[in-house]
Amino acid sequence: MNKITRSNPKNMPSPVGNYSHVTKVPRNAELIVFSGQVGVDSLGAIPENFNKQVKNTFENIKKALFSEDLEASNIIKVNIWSVEPIDWDYFYEVWESLFVNKDYPSMTIGYIQALGLPEIKIEIEIWAAK
């Protein structure tokens, strides 16, 4: 099967973060869509601290990928919703621990007023292909 490709067209400004402007999925690839992941821990608790929620969210993303025998390189799209300003230094530290090969997917980020529960501060949805 052909590989997923990522690019940043030369006729566009460079990305403002660690993501790709274009992610191309080969024909006949299997598409896997995951529900948005939140910062709930393995005991079902949602920490108050924003960065702890970020860390837990990425741990849950890793578990979701593992459940489908996928890796970060299979992620083609990330949608991030946050109710608080993101600590980008910390976020990218955790982000880079997932995308160790720098296979950055396309990304959208939105700041919103509320998520599904009042204690949830960040939600991250991923789409993957293989």
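The values are calculated or read from the model by the stated rules, or taken from the named source; none is laboratory data. On a predicted model such as this, the values are computed, not experimentally measured, just so you know. Glycine gets a Cβ as well: all are built from the backbone with ideal geometry, and neighbour counts include every protein chain shown.
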Original post:
Looking at the range 43-130, what strands (runs of 3 or more DSSP E) fall wholly within it and have at least 2 residues that are charged (D, E, K, R) and in contact (Cβ under 8 Å) with a residue 24 or more places away in the chain?
Top reply: 122-129
Original post:
When you look at residue 29, is it modelled with pLDDT under 95 and in a loop (DSSP other than H, G, I, E, B), yes or no?
Top reply: yes
**OP:** Take the range 4-14 and flag every residue that is in a loop (DSSP other than H, G, I, E, B) and either in contact with a Lys or Arg (Cβ under 9 Å, 6 or more places away or on another chain) or free of Cβ contacts under 8 Å to residues at least 12 places away in the same chain (or both).
**Re:** 4, 10, 11, 12, 13, 14
Original post:
Among the residues of the range 47-96, which ones are touching a helix residue (DSSP H, G or I) at 6+ places or on another chain (Cβ under 7 Å) and farther than 28 Å from residue 25 by Cβ?
Top reply: 47, 51, 55, 84, 87, 90
Subject >> Subset of the range 116-130 (residues that are among the basic types (Lys, Arg) and modelled with pLDDT of 95 or more) >> reply: 121
**OP:** Check residue 31 against each of (1) over 14 Å from the mean Cα position of the chain (by Cα); (2) crowded, with 16+ Cβ neighbours inside 10 Å and name the one condition it does not meet.
**Re:** (2)
**OP:** Would you check if residue 82 is buried (at least 19 other Cβ atoms within 10 Å of the Cβ), more than 11 Å from the chain's Cα centre (by Cα) and either among the small types (Gly, Ala, Ser) or on the phi > 0 side of the Ramachandran plot (or both)?
**Re:** yes
